[in-house]
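Encoded as structure tokens, the structure appears first; notes follow it.
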Amino acid sequence: MTGMPIEDGPEKQGCATPFDAWRLVGELEVTLDVDALLGAYPDRDGPPGTSQAVLETLAAHRVRAAAVAHLRAALFDTRTGNDEMLALAACPGIVPVGAVDLRDPIGAARELERLASAGARAVRLFPDEQGVDAAFPSVRHVALRAARLGLVVLTGGDVRRFWQPFTGIEARVVFLDTHFYHLGDFLVAAADEPGFHTSTRLLNSPDALETVAAELGADRLLYGSRAPHYEPLVPLLRLATSGLGPAEIAAVAGGNATRLLAATPRRSAR
Amino acid sequence: MIIDVHAHWGPWFFTMDVAGSTLATMDRYGIDRAIVSATEAVTYDAPAGNRVLAAYLETQDRLLGYVTVNPRRLREAEADLRAYLPGGRFVGVKIHTDYTGSPAGSARLREALTLVAGTGRPALVHTWGASVLDLAEVCLDIPGLRVIAGHMGADGFRHAIEAADACDRLYLEPCWSHAPAGRIAEVVAGVDPARLLFGTDATLIDPASAFGAVAAAGLPRETAERIAWRNATALFRL
């Protein structure tokens, strides 16, 4: 057979394994992760998502602060879930994010008012978990109310569908589930909507981050991990090895999210 | 040393421009060698894609090839296997069940894998969800066949553990664009370490996804080296 020889790599001489991700991550830190969750999903195995465990996961990945929403609010009871979240406002490293239930648009509008008056900067939507389609009147209703209240919306769901309820209302939105398969759709939608942003979590093709930066600007990219239910190391590694410049990387790693939420976290997680 | 057993060469139809970035992508993560299939062969025309890949493989030494087989075109497949496998630059066979409309439990995939078994080379087969269990069943029925369950079932990774337990000629590689917490650690804990491989799906998916997920599992060095290259070296006789 032709080709280069197969032999031990340099890791043999030291204690590292061939998968030494932290060597590639280098000094990169995340100052604000836009996608973290408290609580557990009842329909799947996974971490329990206690506040302590989430903070430990974030700290272990050099994530100094995160915009955190509570699955209790998304899946069971909005008000008590959000209250539990808001009570953590003084907790270093946590930027509380409220949630509303799209299955109850009337109650959702009331909860948006309550969240805004409590000083929340952002609200998170869970359409997939709540079985809500982008075309449902509820989504447009909540989008309009959130925009009027000046709340940033962090939303899950397929960006090819969920872009639509947020158009034409000067909404500031972060699409948390943008997959690189659908990057073209995000790019053409966001070109006309300066308030459209995307999480980096699933933009893990070899050139997705670079394409967003070239087409729209790196200020539209926000590091998102979905800790502790996803591996924070993956988007961290992708960002660290990207072709973005140092200032762009720092912006994606938290500067953009901080600007968007217009409030620097009070204290770091460490 | 890292060997990527699930990689591609050529352009993709999504909003991406990666046709020429195979080696640069490998370099970002210290991936020394990759076994690639031609994207044209996987998504459209297997013989045409195999042909252009064969020419490209002659120009460098870090890539090895999969002969891509479309189970609907077994006569063409037979010709390609005969043409490319003896040369040494192609070391396995790639079958994508979705692009060819040939599910893991289908008769046509079974026929294709029977053909592959006769070559003595491993087959990388796309698996998703519970289809990895069907692949294990087919593999058990075909003497001598060795298969790699591509993506190790993706969201069906627990089925992949069961499949690997059922068939000792079935190997797993982890690539997926999603990285749910603990997926790799759970598979490693449940599967014979001799049957774990490393794959990325580059240049469709950046290696950060599989590399980061494996790194996050915090594996001991011996296990990591098996996954990184030792098992691939044995399986492909490199």
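Taken together, the values in this text are just the output of simple stated rules run on the coordinates, not laboratory data. These numbers were taken from a predicted model, which means no experiment stands behind them. Cβ sites come from the backbone with ideal geometry, for glycine too, and all protein chains shown count toward neighbours.
What's the average, rounded to a whole number, of partner chain beta-carbon atoms within 10 Å of each residue's beta-carbon in A:195-207?
5
Which value, in debye to the nearest 20, describes the size of the charge dipole of region B:1-125 about its Cα centre when Lys and Arg Cβ atoms bear +1, Asp and Glu Cβ atoms bear -1, and nothing else is charged?
The dipole magnitude comes to about 360 debye.
Can you pull the semi-axes for region B:3-236, root of five times each eigenvalue of the Cα gyration tensor, sorted largest first, whole Å? Walk me through the intermediate numbers first.
Values: eigenvalues 115, 93, 50 Å².
They are 24, 22, 16 Å, listed largest first.
Please give the net charge around residue A:183, taking every other residue with its beta carbon less than 14 angstrom from that of residue A:183, where Lys and Arg add +1 and Asp and Glu add -1.
-4
Can you compute the charge dipole magnitude of the protein assembly as shown about its Cα centre, using +1 on each Lys and Arg Cβ and -1 on each Asp and Glu Cβ, nothing else charged? Give it in debye, rounded to the nearest 20.
Details: 48 positive and 60 negative charges, 80 e Å.
So the magnitude is around 380 debye.
Quote the FRET efficiency, to the nearest 0.05, computed for residue A:149 versus residue B:186 with a Förster distance R0 of 45 Å and r equal to the Cβ-Cβ distance.
Given R0 = 45 Å and the Cβ-Cβ separation, E is 0.60.
If the elastic network links every pair of Cα atoms under 10 Å, which of B:65, B:218, B:144 fluctuates the most in the Gaussian network model of chain B?
Sorting by GNM fluctuation, first place goes to B:218.
For a protection proxy built on the mean count of beta-carbon atoms within 10 angstrom, sort A:187-197, B:25-35 highest first, please.
B:25-35, A:187-197
If you line up the Cα atoms of the protein assembly as shown on their principal axes, what length do they span on each, largest first, in Å?
Computed over the protein assembly as shown, the largest-to-smallest principal extents equal 72, 50, 42 Å.
In the neighborhood of residue B:36, defined by Cβ-to-Cβ distances under 14 Å, what is the net charge if each Lys or Arg adds +1 and each Asp or Glu adds -1?
Within the 14 Å Cβ shell, the charges total -3.
Using a Gaussian network for chain A with springs between C-alpha atoms less than 10 Å apart, which of these wobbles most: A:36, A:21, A:74?
Comparing A:36, A:21, A:74 in the GNM, the peak value goes to A:21.
Which of the peptides A:75-81, B:109-115 is most tightly packed, and how do the rest follow, judged by the mean count of other Cβ atoms within 10 Å per residue?
The peptides rank, most packed first, as B:109-115, A:75-81.
Summarise the partner chain shielding of A:177-183 as one whole number: the mean count of Cβ atoms from other chains within 10 Å of each residue's Cβ.
3
Within region B:7-31, name every residue whose backbone N is under 18 Å away from a label modeled 7 Å from Cα of residue B:44 along the Cβ vector.
Of the residues in region B:7-31, B:8-21 have backbone N under 18 Å from the label point off residue B:44.
Report the gain in length on full extension from residue A:80 to residue A:259: 0.36 nm times residue separation, minus Cα-Cα distance, nm rounded to one decimal. Intermediate results must be reported in sequence, preceding the final value.
Working: separation 179, 0.36 × 179 = 64.44 nm, distance 2.83 nm.
Result for the pair: 61.6 nm of gain on full extension.
Convex hull over the alpha-carbon atoms of region B:92-145: what's its volume per residue in Å³?
Once divided by residue count, the hull of region B:92-145 is 63 Å³.
Can you figure out the FRET efficiency of residue A:60 with residue B:19, using R₀ = 41 Å and their beta-carbon distance, to the nearest 0.05?
0.65
Quantify how much of the Cα-Cα distance distribution of region A:27-261 extends past 31 Å, in percent.
The calculated P(r) of region A:27-261 puts 14 percent of pairs beyond 31 Å.
At most 11 other Cβ atoms within 10 Å and a DSSP loop assignment: could you name the trypsin sites (Lys or Arg not before Pro) in region B:132-238 that fit?
Numbers: sites: B:146, B:158, B:169, B:183, B:195, B:221, B:226, B:230, B:237; in loops: B:146, B:169, B:237.
When the trypsin sites (Lys or Arg not before Pro) of region B:132-238 are filtered for loop state and at most 11 Cβ neighbours within 10 Å, B:237 remain.
Placing +1 at every Lys and Arg Cβ and -1 at every Asp and Glu Cβ, with all other atoms neutral, what dipole size does region A:138-231 have around its Cα centre, in debye to the nearest 20?
Here region A:138-231 has a charge dipole of around 500 debye.
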